[in-house]
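Trainee: Handing you this structure, nothing more for now.
The values are calculated or read from the model by the stated rules, or taken from the named source; none is laboratory data. Bear in mind the structure is a predicted one, so any value in this text is a computation, not a measurement. Ideal geometry is used to build each Cβ from the backbone, glycine not excepted, and the neighbour counts take in all protein chains shown.
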Amino acid sequence: MDKDTSITALKGVGEKTQKLFAKLNIRTIGDLLAAYPRDYELFHEPVKIERAAPGEICAVYGAVCGIPNEKRVRNLSILNVTVSDGSGNLLLTFFNMPFLKKTLRQGGYYIFRGRIQSRGAFKLIEQPKIYSVEEYRRQENRLIPRYSLTKGLTNQAVGKCVGQALSFYEFEEEYYDKDLLAANGLISKREAVETIHFPADYDGLARARKRLVFDEFFDFLFLMRKNKEFCERLPNNYRIRETEDTVRFLERLPFPLTGAQRRVWQEIKEDMGGTSCMNRLVQGDVGSGKTILAVLALLMTAAGGYQGAMMAPTEVLAVQHFETIRGYTEAYGLMLRPLLLTGSMTAKAKRDAYEKIALGEANLIIGTHALIQEKVKYRSLALVVTDEQHRFGVRQRELLAEKGWNPHILVMSATPIPRTLAIILYADYHISVVDELPANRLPVKNCVVNTAYRPKAYQFIAGEVQKGRQAYVICPQVEAEESGAGDMENVVDYAEKLKNALPSQIRTAYLHGKMRPADKNRIMEEFAAHSIDVLVSTTVIEVGVNVPNATVMMVENAERFGLAQLHQLRGRVGRGEYQSYCIFVSTNEKKETMERLQILNRSNDGFLIASEDLKLRGPGEMFGVRQSGEFAFRMGDIYSDAPVLKQASEAVSALLREDPRLEQRKNGPLKQHLSKASEDSVDFRSI
């Protein structure tokens, strides 16, 4: 078997199971082996209830006291029962599991496992996993991998398929030279893949994870360095200079540019009028005013007689950019002639758009990645503005160069990255930082709470909706998974729970990355149009549309996210004239966990928070919620894996010094590996 072999080659994978795997984007053996466990569980020996600490995942062995008590809140069944082991009592709460009334016999002994919470003097576990003594003993002291699942596909079934695949898989030749492996303390790729799925202990898991993270960073950084070399050789074919158009536009805007905006605008103008092609990244916090800088650059391009393009990660966001810029054009009499190009347009509408682009009738084209596809023929494309979801790599640059364009590239990023990491990650760009917010922005008010605060949070959300506002609720999982702890909230079940907890007139919906693009777009459009009051979502909304009416962001399992990512999520609110609020709910009540989250209480400065994140998240934090956004690696995290990132950067630099074209025989396998990665320069990232 090789990486392209269909997953149906595995015993037990028929048409039904194949379709379930396809929902997880797993279609081949290579896909399956690259679908690394999202977490691992170590089943410790059960502890006495009196010693079970709030915030810890524990197993307790106790007897059921009394008959389970069930109550219903509209469509939600809530079952409460108390267990005791002689050292203390523990309250257990189960949602939508009424059948347990018959299963949990009074006086019966069971092992219950989950995260301990506190309610005053009481200890409790919500939705614990129930085991017989025999079942629990079989898993005790083993590291059990937990995979991302979909309904109908169990963790055990995935693990069985992975075991089969590893038995027959033909691994590619090791592509790192033995000296590079030794210098960086790396195990072989084969050992890393086998161990990441079935680790014997934490030390082996750490070594396997380091190799896979190093690979991701090395590939990314090598391609970025090559991109930089490519860009530095490009002459400026479009020497664009400022005209009266941008000056008049700035004079007529109802707000002045901040000092940071003026500084960055000057840098953009110098690039576009200089001798080399612009390749600039504008990094700034949410709400710092990056969009107006993009509009100015596009207006200057149009005034010079050229075309500009603006790329967005989703159709919904592309439409919003189009409406915003069309509004500026009409209000201020700009010479822009904007045109929208998206995949959902009819064939006739697309043909009409292609014609207007080719003739130069449209001088600003706004859309998704389709803007640089083969069918689009520009008359004079001189500037491409893109965001952090569409970093331009070597392949994209080459596609444009082959068509004879070589436009200026301006990338806008709201990802707060500490300077020490930005120098490594943005090596292929000249960097501008918009480090100043407009004076009229109301700072978001924050609070960090435990799960006992949920009822008050729901009341608060209901109050904001009654004022005509909207709210987001973020969960780390899409749907319930076969998990030993059951301590992570999921979008599908939480949306149902919220519908029952909030007044019936409040319109609640959910959104997640596994939905079809058309459904995701529809939900975001409905939320933007205020046809939905409360949106329960995964981090897919991190790069969503601008909804100024949304004033509440509630994040469940906040301890599972990095601080920088929580700050990104917080940026979805506080975009309008109303006071906005962010509620971070932690299921882990450990002192250090709550103190870490309190940093978000004290500051709304994304760059300060990112720096704190870098200090606080060590290599021990191997698994959290996967990030979306610009640096959404499959395995690596730029904060907790910062030492490996620096190591990979030094290895790339050393390799390019010694063998820049990878012509030495020992680097042959690596050259072949990197050429595959460069065919699509975002293949190695989970975007």
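Trainee: Please specify each residue of region 406-423 satisfying the condition of being among the polar types (S, T, N, Q), crowded, with 21+ Cβ neighbours inside 10 Å and closer than 17 Å to D613 by Cα.
Mentor: Selection gives T415 alone.
Trainee: I'd like to verify a number: residues in region 167-193 that are assigned to a helix (DSSP H, G or I) and under 29 Å from the mean Cα position of the chain (by Cα), how many?
Mentor: 5
Trainee: One residue is enough: does region 47-57 have a residue meeting the conditions in contact with a Phe, Trp or Tyr (Cβ under 6 Å, 6 or more places away or on another chain), closer than 25 Å to I144 by Cβ and of a type in the set (D, E, K, R)?
Mentor: no
Residue by residue, here is whether (1) among the hydroxyl-bearing types (S, T, Y); (2) loosely packed, with under 12 Cβ neighbours inside 10 Å; (3) closer than 30 Å to K666 by Cβ holds:
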{"site": "N141", "(1), (2), (3)": "no, yes, no"}
{"site": "L149", "(1), (2), (3)": "no, no, no"}
{"site": "G163", "(1), (2), (3)": "no, no, no"}
{"site": "L166", "(1), (2), (3)": "no, no, yes"}
{"site": "E173", "(1), (2), (3)": "no, yes, yes"}
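Trainee: Further, regarding this structure: Does region 209-227 include one or more residues that are part of a loop (DSSP other than H, G, I, E, B) and among the aliphatic types (A, V, I, L, M)?
Mentor: no
Trainee: Only residues that are in contact with a helix residue (DSSP H, G or I) (Cβ under 6 Å, 6 or more places away or on another chain) and either outside any strand (DSSP E or B) or polar (S, T, N, Q) (or both): list them for region 266-292, please.
Mentor: Residues satisfying the conditions are I268, M278, N279, D285, G289.
Trainee: Evaluate the following for T342: is it more than 19 Å from G305 (Cα to Cα), among the β-branched types (V, I, T) and at pLDDT below 90?
Mentor: It is true that T342 is more than 19 Å from G305 (Cα to Cα), among the β-branched types (V, I, T) and at pLDDT below 90.
Trainee: Further question on the same structure: Can we say I196 is under 29 Å from the mean Cα position of the chain (by Cα), closer than 27 Å to E658 by Cα and either in a loop (DSSP other than H, G, I, E, B) or not acidic (D, E) (or both)?
Mentor: no
Trainee: Go through region 17-51 and give me each residue that's loosely packed, with under 15 Cβ neighbours inside 10 Å and in contact (Cβ under 8 Å) with a residue 40 or more places away in the chain.
Mentor: Passing the criteria: K23, L42, H44, E45, K48.
Trainee: I've got another one for you. Taking strands (runs of 3 or more DSSP E) that do not extend beyond region 39-145, which have at least 3 residues that are among the aliphatic types (A, V, I, L, M)?
Mentor: Where strands (runs of 3 or more DSSP E) fall fully within region 39-145 and carry at least 3 residues being among the aliphatic types (A, V, I, L, M), they are 57-73, 76-84, 89-95.
Trainee: Just one of (1) of a type outside the set (D, E); (2) closer than 18 Å to T386 by Cβ; (3) surrounded by fewer than 16 Cβ atoms within 10 Å (Cβ to Cβ) trips up R351, so point out which.
Mentor: Result: R351 passes all but (2).
Trainee: Given the condition within 27 Å of R419 (Cβ to Cβ) and within 28 Å of the chain's Cα centre (by Cα), answer yes or no: does some residue in region 261-268 qualify?
Mentor: Yes: region 261-268 contains one or more residues that are within 27 Å of R419 (Cβ to Cβ) and within 28 Å of the chain's Cα centre (by Cα).
Trainee: Another one. Can you name the condition, by its number, that L317 falls short on among (1) part of a loop (DSSP other than H, G, I, E, B); (2) touching a residue at least 60 places away in the same chain (Cβ under 8 Å)?
Mentor: If we test L317 against (1) part of a loop (DSSP other than H, G, I, E, B); (2) touching a residue at least 60 places away in the same chain (Cβ under 8 Å), just (1) comes out false.
Trainee: Based on what the data block shows, is A157 surrounded by 13 or more Cβ atoms within 10 Å (Cβ to Cβ), assigned to a helix (DSSP H, G or I) and touching a Pro at 6+ places or on another chain (Cβ under 9 Å)?
Mentor: no
Trainee: Considering only region 119-135, state which residues are surrounded by fewer than 20 Cβ atoms within 10 Å (Cβ to Cβ) and either among the aromatic types (F, W, Y) or under 14 Å from Y40 (Cβ atoms) (or both).
Mentor: Of everything in region 119-135, just one residue is surrounded by fewer than 20 Cβ atoms within 10 Å (Cβ to Cβ) and either among the aromatic types (F, W, Y) or under 14 Å from Y40 (Cβ atoms) (or both), namely F122.
Trainee: Let me ask something additional. Within region 302-342, take every residue that is over 30 Å from the mean Cα position of the chain (by Cα) and hydroxyl-bearing (S, T, Y) and give me the one that is farthest from L364 (Cα to Cα).
Mentor: Checked region 302-342; the qualifying residue farthest from L364 (Cα to Cα) is Y332.
Trainee: Additional query: For region 661-676, which residues satisfy the criterion of being over 15 Å from K178 (Cα atoms) and more than 33 Å from the chain's Cα centre (by Cα)?
Mentor: R661, L662, E663
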